[in-house]
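This structure is in C-alpha cells; I'll ask about it shortly.
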Protein chains: 2
Amino acid sequence: MAGGERTFPRKRREEMLRVAAELFHERGYAATSTADLAERMGIQRGSVYYYFETKEGLLLELIQDVYGRARASLARVQAGDGDPVAKLRALIEDHVISFTTNLIPGALVINESGSLAPEHRDRVRADAAAYEAGMRELIEEGRRAGALRADVDARLACMVVLGATNWVHRWYREDDERTPEEIARAFSDVLIAGLRPQTGTSSPPLSSST
Amino acid sequence: MAGGERTFPRKRREEMLRVAAELFHERGYAATSTADLAERMGIQRGSVYYYFETKEGLLLELIQDVYGRARASLARVQAGDGDPVAKLRALIEDHVISFTTNLIPGALVINESGSLAPEHRDRVRADAAAYEAGMRELIEEGRRAGALRADVDARLACMVVLGATNWVHRWYREDDERTPEEIARAFSDVLIAGLRPQTGTSSPPLSSST
C-alpha cells in the first residue's frame, strides 16, 4: 500500500527516538555512541544520519517533545474555566501524569539537558523558565484571590511543587501498583493543601536544626 | 610546630575533597581525570594517590559524608522530645539546610551516586533507603496519632517531601537573598500543612488531565 509506505519513515523515526531514549537513559548520553544506536536499532550506522543529522539531534528532539507537552498542558490550563487553585491542581496532575506515562523522556529532561549544545541548552532553559513562570503566576493569582497562602514566598512555593513533581522520575516504575492518576491525585491533594491559607496556631520555632 | 605538622595531612585531605567536589560538579565525575584533580589541586598526580587510592574513593567519601550527616540528623530527631509532626518538621528543615549549606556534595549525591563502583553504590543505596524509611516511619507515626492525614498513601506522602527537599540542589545558589533557615521554614510550613488532616470539602475530580 502506498499509504503504508509513506508513513513508514515517520514510524521508523519514532521507533529510533524510543530506542535512543532507552540507551541514553541506561548508559548516559555521553557514553552512548552512534554505533551503539545503530546496533540497538538493527540498522547501519549511516542510516542513523538519514533520520537525524547528529546524536545530539536525537536528544534535542526527545527533550523538546517533553517541553512541547508541558507547554500544551500549561496553555490548556490557563485557557480553561475555573479558579486559579483548580488550574494549579490541573497543572500539577498533568505534570505527574506526564512523568509517569513518559518516564524515560522525562528523566532525560532532568538528567541530560546539560548535555545539549549550548544554543539548544539555552532554548530548553527558556522553555523550563516559561513553564515555571506559568506555574508561579497561577500561585500568585491564587494568593491575590485569597485562595492560597500569602505567608510563603511564591517562588519557594513553586519550588516545592516543581521539586515534588519533577522528582517522580527518580522513584516511579511502570510496575507501580498505583495508577498515574492515583499518584497525580495524591500529589495535588498534598501540595494544594500545603499552599492553602493556614488557620490556627503558627508553627513552632526551628527546632533541632538551629 | 609538631602539632601543626600532624594536622596538615588532614587539612590537605579536606582541601582535596573540596576541590574534587567542585570539579566533579562542574565537569561530571566521568569527565574528570586524576590529572585534572592534581592540576586543580596544584600537586603532582602521584600525590593524589597518597591521600586517596582511587578517584572513586574521593567521590565515595564525599557522598558518604552527606549520608553521615543525614543519618545523624535522623537519629537526633528520632531521639528528641516532641510529637511525630514536630520531628518530621525538624527532619525536613535539617534536610533543606543540609542541601543549602553543602550544595555541591548534595548535588553529587543526587547526580553521581550511580557513578560509584557497584559495591559502593549498593551501600549508598542502603543508606538512602534507611533515611527514607526513617522519614516514612515519622509520617506513619503522625498518622497513627491522628496528626497527619491518612487519606494519602504514606509512601507517596514521603515522596512529595523527599522530592521537594532533594530538588533544592537544582535551584538554590549561595547568593540567594533568603537564608537557609528561611527556606527550610517555608518548605516545612508548606509540606507539613499539606500532610495535616484536611477538613471541609473534598477535592474536585481530576480535571484537564483526564
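The values are calculated or read from the model by the stated rules, or taken from the named source; none is laboratory data. What you see is a predicted model; the values in this text were computed from it and never measured. As a convention, Cβ positions derive from the backbone with ideal geometry for all residues, glycine included, and neighbour counts pool all protein chains shown.
Hey, any hits in segment B:39-49 for a residue that's surrounded by 19 or more Cβ atoms within 10 Å (Cβ to Cβ) and more than 17 Å from the chain's Cα centre (by Cα)? First the steps, then the outcome.
Quick first cut of segment B:39-49, residues surrounded by 19 or more Cβ atoms within 10 Å (Cβ to Cβ) only: B:41, B:48.
Now narrow it down to the ones that are more than 17 Å from the chain's Cα centre (by Cα): B:41, B:48.
So far as segment B:39-49 goes, yes, one or more of its residues are surrounded by 19 or more Cβ atoms within 10 Å (Cβ to Cβ) and more than 17 Å from the chain's Cα centre (by Cα).
Here is a list: B:Ala30, B:Ala70. Which entry is within 14 Å of B:Ser113 (Cβ to Cβ), in contact (Cβ under 8 Å) with a residue 40 or more places away in the chain and surrounded by fewer than 20 Cβ atoms within 10 Å (Cβ to Cβ)? Lay out the reasoning, then the answer.
Working: B:Ala70 fails: surrounded by fewer than 20 Cβ atoms within 10 Å (Cβ to Cβ).
The match here is B:Ala30.
Ok, one more. Name the residues in segment A:70-96 that are charged (D, E, K, R) and facing chain B (nearest Cβ under 10 Å), would you? Walk me through it before giving the result.
To start, the set of residues in segment A:70-96 that are charged (D, E, K, R) comprises A:71, A:76, A:81, A:83, A:87, A:89, A:93-94.
Within segment A:70-96, A:Arg76, A:Asp81, A:Lys87, A:Arg89, A:Glu93, A:Asp94 meet the criteria.
Looking at B:Ser115 and the list (1) within 11 Å of chain A (Cβ to nearest Cβ); (2) farther than 21 Å from B:Arg18 by Cα, which single condition is not satisfied?
Every condition holds for B:Ser115 apart from (2).
Can you name every residue in segment A:124-148 that is more than 14 Å from A:Leu91 (Cβ to Cβ) and either loosely packed, with under 14 Cβ neighbours inside 10 Å or outside the structural domain of A:Ser73 (by TED's automatic domain parsing) (or both)?
Passing the criteria: A:Arg125, A:Ala126, A:Ala129, A:Arg144, A:Ala145, A:Gly146.
In this structure, is A:Glu14 closer than 21 Å to A:His120 by Cβ and modelled with pLDDT of 95 or more?
no
Looking at (1) loosely packed, with under 15 Cβ neighbours inside 10 Å; (2) touching a Gly at 6+ places or on another chain (Cβ under 7 Å), find the lone condition where B:Ser98 falls short.
All conditions pass for B:Ser98, except number (1).
For segment B:144-166, how many residues are farther than 27 Å from B:Leu103 by Cβ and more than 7 Å from chain A (Cβ to nearest Cβ)?
Taking segment B:144-166 and keeping what is farther than 27 Å from B:Leu103 by Cβ, we get B:144-156.
Now restrict to residues that are more than 7 Å from chain A (Cβ to nearest Cβ): B:144-151, B:154-155.
Adding up the residues that qualify gives 10.
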